[in-house]
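Engineer: First the structure, then my questions, so here it is.
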Amino acid sequence: MSTESNANFEPLVVLHFSNATPAATKEWVITRLTASQNDNDGADLLVRYDPDPESHNNILLIGATLQRLLAGAEELRMKKSYKNKALREFLVSDIDHFDNSQNHNSFLLKSEKQRIIWEEIQILRPAKDENFVPGVPTKVITHENDTVLNLLDSLDFLVSAFPLHDKEDIKLIERDWFMSKDALFKSQDIHKVRNYFGENVAYYFAFLEFYTKALIPTALLGLVVSFWPSSDFSKYSLFCVFNVIWWSVFIERWKRLSNKLAYEWGTMDLQIFERPRSLYHGDLQLSPITNQKERRYPKWKRTLKKYLVTYPIVMLCLALSLWIYFAYYAVQQKTDKKYPLETTAILPTAKLMRMVPSTGYSLLIIPMNLIYKKLAIFMTNYGTGLYEIENEGFYLELRFRLENHRLQTSYENNLTSKLFVFYFINCFIGLFYEAFFNANYGNVAQLLTVFVIINAILLKFTEQIGPYIFKRVKKNQLTRRGSVDVKVSDAVKQAKTLTPFEGTYADYLTIFEQYGYVALFSAVFPWVTICALINNVFELRADAFKYCYVYQRPFAQPAWNIGSWHYAFDILSSVAIVTNTALIAMQPSVRQYFSSYTDAEYILFFVAAEHVLLALKFAISFAIPDIPHEVQIAKAKNLYESNMALRHERERKALKAQESLRKH
């Protein structure tokens, strides 16, 4: 099918095919994308090949008419600002009563337009009369579950799909965000970030900034405690109690901020209307709520498969993490014996050599984290993929439906829970063993120092510096053919030089790991908080640069908070109370401070202190409301206005019915 008739439109989304994709398959995809919704169950989008010769007809540029985009916004129940400044679900018929509706072309943000197109692409299915993928006659289409994207993925025909970056929009936000001289010390305009990247990414940057600011008081206190000439018990107790109160307040204040942002962005009630994932498989059944046919998958099957497959794999990985730690511990013991610190003649060399096993262990943790991350994603995706084995020109399809989550929130919750377990054991098991079994606080401080420094250096290189250098090299290769400079299209540059966006999981995991070091072990090594603060001041702007110039632009995803990561951080806060209290109690100098107590009395004292601190944490969470008062008032006002509007509509219909009866 030719796309010349649709040549004049604004390209918003890119589909990048592999070189192995047959021409017939590409034309089939174009046909499905451009087919009308009413007659052929198509996406009704505008499509053309990228004209750059470098693309080799492997890059599709996708856009949509204004009417199609507005209809999509209504279908997705997007909320926009009404004339009375309240947020309401958008209706095409009511567009003139919304703010900024004077120019319909600029009514929707570009990120919203790209999200609308992506949602349509994800749910696009083959035509009902198609039984094989054009260009691959051996690939059978299963109409109950196959989508066009699933089929392309299963055949390895799709390299990437991403929305195009907008140079002008990036220039508007980059100066205040990370390019100006005072950017390190200014608060970011999170609303600009949201407008460009969507709520999902905006919440990450809002949380990172909020967490970084929360580090300032505890870092200052840690600095004071480090030089305070007082007993260990007084210093550690002060720091522990402050941490319990401060991080409890931090979590509760973040809840309030996230709810405020969710209300301002119109996503507070998003989970009520969440659409099923396009990768969800299941039999069509009549919904008791909507009375429409919806795909359903038995919950007991998912639960059974978790216990039989997912959980055993998790336990094996935890056993591997323990084995790696004990291997490191054996090497560390041998090194400590070989280089004792008592030998003052070679003290600098001894200190350096004793750091080698810790450095090696920290370097090993990073690739193990990456492996565990990929494994967690694989297990969570397990139920949605199609796996084929090619045999003599035919494809044997193996459909694994392990977890098969219906909603994106369920998918992310399950993925986050696996990542939490993996990272908690892999990152903290050595510190726990050194602190509570060996009571070697020197090794704890040594491991913390190495972990923080190595992580900061490697992450900066692997996430920002390395990919940016790769981008510059690839860009130079594209823009110079022979000795003549030529202009390469933006789509080709972004497809071939930028790193595909894989979600915010890696960024949250980095904060989670650091927060664990700060919350769990800063009582015995307060300097870790200072190191975390310094790192985060630069990390915030480095991540901003990465999202603008290293990653392909992510599709805007609606979100009403940071998801299950909130629970992960909350769990760490509770665990931190136990660990910090125990660390103080196990200090020999503290035991000497309470020398008049028996061992039983000493233990009971700290157990009681731990319970008091836990009670204090729960009291703080109860005392600070999750939803700010102004948001509660605004929600109540919107509900009242909605009820009044519904009442007026019913009265209008009743009067109309009465007039109709009088006429007859």
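The values are calculated or read from the model by the stated rules, or taken from the named source; none is laboratory data. Keep in mind it's a predicted model, so treat the numbers as computed, not measured. Because the Cβ atoms are built from the backbone with ideal geometry, glycine has one as well, and the counts that use them run over all protein chains shown.
Engineer: List pairs: first residue in the range 587-603 and part of a loop (DSSP other than H, G, I, E, B), second residue among the hydrophobic types (A, V, I, L, M, F, W, C) anywhere in the structure, Cβ distance under 7 angstrom, at least six positions apart or on different chains.
Structural biologist: Close Cβ pairs (under 7 Å, with a partner that is among the hydrophobic types (A, V, I, L, M, F, W, C)) amount to Tyr597/Phe605.
Engineer: Report whether or not Leu152 is in contact with a strand residue (DSSP E or B) (Cβ under 6 Å, 6 or more places away or on another chain) and in contact (Cβ under 8 Å) with a residue 60 or more places away in the chain. Steps first, answer last, please.
Structural biologist: On the way: in contact with a strand residue (DSSP E or B) (Cβ under 6 Å, 6 or more places away or on another chain): yes; in contact (Cβ under 8 Å) with a residue 60 or more places away in the chain: yes.
So Leu152 passes the test.
Engineer: Among the residues of the range 422-452, write down those that are surrounded by fewer than 16 Cβ atoms within 10 Å (Cβ to Cβ) and at pLDDT 80 or above. Before you say what the answer is, go through the steps one by one.
Structural biologist: As a first pass, look at the range 422-452 and keep what is surrounded by fewer than 16 Cβ atoms within 10 Å (Cβ to Cβ): 436-440, 442.
If the condition is that a residue be surrounded by fewer than 16 Cβ atoms within 10 Å (Cβ to Cβ) and at pLDDT 80 or above, then Phe436, Phe437 are the ones that fit.
Engineer: Considering only the range 121-129, I want to know if a residue exists there that is under 22 Å from the mean Cα position of the chain (by Cα) and buried (at least 18 other Cβ atoms within 10 Å of the Cβ).
Structural biologist: Scanning the range 121-129, I find at least one residue that is under 22 Å from the mean Cα position of the chain (by Cα) and buried (at least 18 other Cβ atoms within 10 Å of the Cβ), so the answer is yes.
Engineer: Where residues in the range 247-267 are closer than 19 Å to Val518 by Cα and modelled with pLDDT of 90 or more, which of them is surrounded by the fewest Cβ atoms within 10 Å (Cβ to Cβ)?
Structural biologist: Here is the first cut: in the range 247-267, the residues closer than 19 Å to Val518 by Cα are 247-254.
Restricting the remaining residues to those that are modelled with pLDDT of 90 or more gives 249-254.
Details: Val249: 16, Phe250: 22, Ile251: 20, Glu252: 18, Arg253: 13, Trp254: 21.
By that ranking, first place goes to Arg253.
Engineer: Being assigned to a loop (DSSP other than H, G, I, E, B), at pLDDT below 80 and among the small types (Gly, Ala, Ser): is that true of Ser230 here? Full working, then the answer.
Structural biologist: Numbers: assigned to a loop (DSSP other than H, G, I, E, B): yes; at pLDDT below 80: yes; among the small types (Gly, Ala, Ser): yes.
Spelling it out, Ser230 is indeed assigned to a loop (DSSP other than H, G, I, E, B), at pLDDT below 80 and among the small types (Gly, Ala, Ser).
Engineer: Here's another thing I want to ask about it. I'm checking my understanding of the structure. Among residues of the range 22-41 that are of a type in the set (S, T, N, Q) and in contact with a strand residue (DSSP E or B) (Cβ under 8 Å, 6 or more places away or on another chain), which one is farthest from His143 (Cα to Cα)?
Structural biologist: Step by step, filter the range 22-41, then rank; the result is Thr34.
Engineer: Considering only the range 302-323, state which residues are among the polar types (S, T, N, Q) and either outside any helix (DSSP H, G or I) or without any contact (Cβ under 8 Å) to a residue 12 or more places away in the chain (or both). Step through it out loud before you land on a result.
Structural biologist: At the first step, the residues of the range 302-323 found to be among the polar types (S, T, N, Q) are 303, 310, 321.
Answer for the range 302-323, where residues must be among the polar types (S, T, N, Q) and either outside any helix (DSSP H, G or I) or without any contact (Cβ under 8 Å) to a residue 12 or more places away in the chain (or both): just Thr303.
Engineer: It is to be established whether one or more residues within the range 20-32 are of a type in the set (Ser, Thr, Tyr) and in a loop (DSSP other than H, G, I, E, B).
Structural biologist: At the first step, the residues of the range 20-32 found to be of a type in the set (Ser, Thr, Tyr) are 21, 25, 31.
Then keep just the ones that are in a loop (DSSP other than H, G, I, E, B); that gives 21.
Yes, the conditions are met somewhere in the range 20-32.
Engineer: Go through the residues of the range 445-461 one by one and say whether even a single one is touching a residue at least 40 places away in the same chain (Cβ under 8 Å), assigned to a helix (DSSP H, G or I) and touching a Phe, Trp or Tyr at 6+ places or on another chain (Cβ under 6 Å).
Structural biologist: So far as the range 445-461 goes, yes, one or more of its residues are touching a residue at least 40 places away in the same chain (Cβ under 8 Å), assigned to a helix (DSSP H, G or I) and touching a Phe, Trp or Tyr at 6+ places or on another chain (Cβ under 6 Å).
Engineer: Which condition number in (1) among the hydrophobic types (A, V, I, L, M, F, W, C); (2) assigned to a loop (DSSP other than H, G, I, E, B); (3) more than 29 Å from the chain's Cα centre (by Cα) is the one that Ile627 fails?
Structural biologist: Only one criterion is unmet by Ile627, namely (3).
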